[in-house]
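Single-structure report; data block below.
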Amino acid sequence: MKEDIKPADGRLGVLVVGVGGAVATTMITGTLAARKGLAKPIGSITQLATIRMENNDEKLIKDVVPLANLGDIVFGGWDIFPENAYDAAMYAEVLKEKDLNLVKDELQTIKPMAAAFDHNWAKRLNGTNIKKVASRWDMVEQLRQDIRDFKVANKCERIVVLWAASTEIYIPLSEEHKSLAALEKAMKENNTKAVSPSMCYAYAALAEGAPFVMGAPNLCVDTPAMWEFSKKVNVPIAGKDFKSGQTLMKTVLAPMFKTRMLGVNGWFSTNILGNRDGEVLDDPDNFKTKEVSKLSVIDNIFEPEKYPDLYGNVYHKVRINYYPPRKDNKEAWDNIDIFGWMGYPMEIKVNFLCRDSILAAPIALDLVLFCDLAKRAGMCGIQTWLSFFCKSPMHDFEHQPVHDLFTQWRMVKETIRTMVGEKSPSYLD
Ligand SMILES: NC(=O)c1ccc[n+]([C@@H]2O[C@H](COP(=O)([O-])OP(=O)(O)OC[C@H]3O[C@@H](n4cnc5c(N)ncnc54)[C@H](O)[C@@H]3O)[C@@H](O)[C@H]2O)c1
């Protein structure tokens, strides 16, 4: 019920891990410009999308639920590079200088706090703005202090922590991640193999009552230990891996093949990408984390066990190639081998010349605003209704992830209607 959602009074601190990165600086610049009326928040569900209410009235989502106002957001965060958000955005070369200059003064005031970083988790990165820590537990303590200090200094009512930092190396789920007690023990014993820096950020956020959003494919909060912790402290977690480009296309095309009962033999996806993200992903251990995230989509949508004649033998391959000249302007190719009536083959080629951070920025903002809303609505644990925004939606062992974009969209709308005590309209919305 709407009365049960606390109002979005006061300032919302948005602390971004990787605040000097391409996605972070693009999101921050666009938000600052939008709130001054200097840019439109294109691509943002929270700012532009409408839903139908029970009586068929169509309303902006932000008029249905009490979302934080863009004007009430204060940005901050951590990065291993010390440059302020303006200089970092200039380096990222996503936005033009003239667009950055619209909010130059505000960007220059955003200076990264020292990062919780371990070189073994992102070997291609070398920065200097790094905390000296005695252990993983010390990392957590220092991050908690950062969050508290930021909240006081900026007079924030609430905080959300967003991971928009580099992808960490792949690690499988191990004993240390299976319960909160085991995770805390590993942190205190300084088990640097099982506890990643991102887990320390997430733990610190949750311990401070701040929702945590994972924008990369890191294991991080996708563990029973973190699910347990988020429920214990009554704080939402969301993720993982922003669904921005190629996977977005996949989760639209695959449901179309399935709805039409067309078969698929193979799906080859490749990309060229030249930003720092691409450079980090050029390391096989970091790429593995991304690959696992990208590969899970198709099988889930096709359900080969139900439709073996159509999807029993799909060859799925994903490649990411680091190619510096392209910077943030990724080019993605998909070749899809499909078959129809009497098994006759057809091919579909998709060539998406996208801008990675332009697509990811509104997703990051929406995840932050929806998680802040969820917290005020008393929700905690994995926010599966936010799967819409994620390449690899988190789910516990009892549930299946949902990848189909249209089913995911329905989950967003249903959750929002439920929050305000409304049912679905009687016809398709
Ligand atoms: N751009 C997209 O479309 C997209 C889509 C899905 C996921 N992602 C993920 O989002 C993340 C950010 O992407 P990007 O293009 O902005 O990358 P980026 O390399 O431009 O930015 C990442 C930033 O994180 C910083 N960083 C790394 N480790 C850190 C740590 N431990 N603490 C603090 N800062 C740290 C780096 O210094 C860098 O400034 C990546 O993990 C990427 O895989 C991006």
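Readers should treat all values here as calculations from the given coordinates under stated rules, not as data from a laboratory. Quick caveat, the model's predicted, so the values are computed rather than measured. FYI the Cβ positions are ideal-geometry reconstructions off the backbone, even for glycines, and counts take in every protein chain you see.
Translational diffusion coefficient of the chain (Stokes-Einstein, Kirkwood radius from Cα pairs, 20 °C, 1.002 mPa s): 97 µm²/s.
Antiparallel beta bridges, as assigned by DSSP with both residues in the chain, represent about 40 percent of the total such bridges.
The modelled label-to-label distance between F352 and K104, using points 7 Å beyond Cα along the C-beta direction, is 3.5 nm. Taking a span of 24 Å or more along the helix axis (Cα atoms) and a mean Kyte-Doolittle hydropathy of at least -0.5 as the rule, the DSSP H helices of the chain that qualify are 284-302, 356-376. Here each label is just a point 7 Å from Cα along the line to Cβ, and for R319 and T418 those points are 4.3 nm apart. Loop-located trypsin sites (Lys or Arg not before Pro) in region 118-168 (DSSP state not H, G, I, E or B) with no more than 11 neighbouring Cβ atoms inside 10 Å: K132, K155. From most to least packed by mean Cβ count within 10 Å, the peptides 415-422, 235-242 give 235-242, 415-422.
Pairwise inverse Cα distances across region 275-413, averaged and inverted, put the Kirkwood hydrodynamic radius at 17.7 Å. Remark: region 1-134 projects, on average over all directions, an area of 11.1 nm² (convex hull of Cα atoms). What relative contact order, as a whole-number percentage, does region 246-353 give when Cα pairs under 8 Å and 6 or more residues apart are counted? In percent, rounded to a whole number, it is 40. For the chain, relative contact order (Cα pairs under 8 Å, six or more residues apart, normalised by length) works out to 21 percent.
Using only alpha-carbon positions in region 334-429, the gyration tensor eigenvalues give semi-axes of 32, 19, 14 Å once each is multiplied by 5 and square-rooted (largest first).
Per-peptide packing, taken as the mean over residues of other Cβ atoms within 10 Å, places 264-270, 171-177 in the sequence 264-270, 171-177 from highest down. Of the GluC sites (Glu not before Pro) found in region 271-315, the ones in coil according to DSSP and having at most 13 other Cβ atoms within 10 Å of their Cβ are E305. With contacts taken as Cα pairs under 8 Å and at least 6 residues apart, region 98-221 reaches a relative contact order of 33 percent.
Of the GluC sites (Glu not before Pro) found in region 18-103, the ones in coil according to DSSP and having at most 15 other Cβ atoms within 10 Å of their Cβ are E54, E93.
Put simply, when 212-219, 357-364, 188-195 are sorted by average Cβ atoms within 10 angstrom per residue, most first, you get 212-219, 357-364, 188-195.
Once the gyration tensor of the Cα atoms in region 246-353 is diagonalised, the equivalent ellipsoid follows with semi-axes of 28, 15, 10 Å, ordered largest first. The simple spin-label model puts a point 7 Å past each Cα toward its Cβ; for F397 and K132 those points are separated by 4.3 nm.
Both the radius of gyration and Dmax for region 89-188 are 17.2, 51 Å, in that order, over alpha-carbon atoms. When the helices of the chain are scored as -39500 (n - 2.57) per DSSP H run of n ≥ 4 and the total is divided over every residue, the value at 222 nm lands at -11500 deg cm²/dmol. Taking every pair of alpha-carbon atoms in region 147-202, what share in percent sits in each 10 Å bin, from 0 to the bin with the longest distance? P(r) over region 147-202, rounded to whole percents: 19, 39, 29, 12.
Cross-link partners of K391 among lysines, defined as those whose alpha carbon lies under 22 angstrom from its own and excluding same-chain residues fewer than eight positions apart: K240, K243, K250, K258, K288, K290, K294, K317, K327, K330, K349, K413.
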